[in-house]
1. With a 10 Å radius around each residue's Cβ, average the other Cβ atoms per peptide and rank 67-78, 82-93, highest first.
2. Based on the alpha carbon coordinates of region 33-98, what radius of gyration and maximum Cα-Cα distance (Dmax) apply, in Å?
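Only the coordinates and a few stated rules stand behind these numbers; no lab work does. Every value quoted in this text rests on a predicted model; they were computed, and no experiment measured them. FYI the Cβ positions are ideal-geometry reconstructions off the backbone, even for glycines, and counts take in every protein chain you see.
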Amino acid sequence: MSQQYPQAPPPGFYQPPRDRIIIIPSVGDTPQRMTCPNCHNEIVSVVSTEYSLVQHAAFFIMCITAACLLCSCIPYCMDSLSNVRHECPVCHSYLGTYKRMT
Ligand SMILES: [Zn+2]
């Protein structure tokens, strides 16, 4: 009497998908030379500023306490409070954000 054992799949039949790990480099507040994790080109990042949570909070607090609405907008004029967003100039993928405050 012969027993039938389940057969193992032939080698190479099933290959688990490889996880793609993208390492986002740490960034500063100025354009940085790096290898883009998306298009793998050697690039200098393009930076743009975006409003930070600190600026929104300062605006909200000044709206409550200050009498002048124009004065409440001062935090939005302060670049030293805003975050710096880095993007790839080739594929326009997001590379990271430098947060000045937090
Ligand atoms: Zn890229």
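1. Numbers: 67-78: 12.3, 82-93: 17.1.
Going by the mean number of other Cβ atoms within 10 Å, highest first, we get 82-93, 67-78.
2. 16.4, 52
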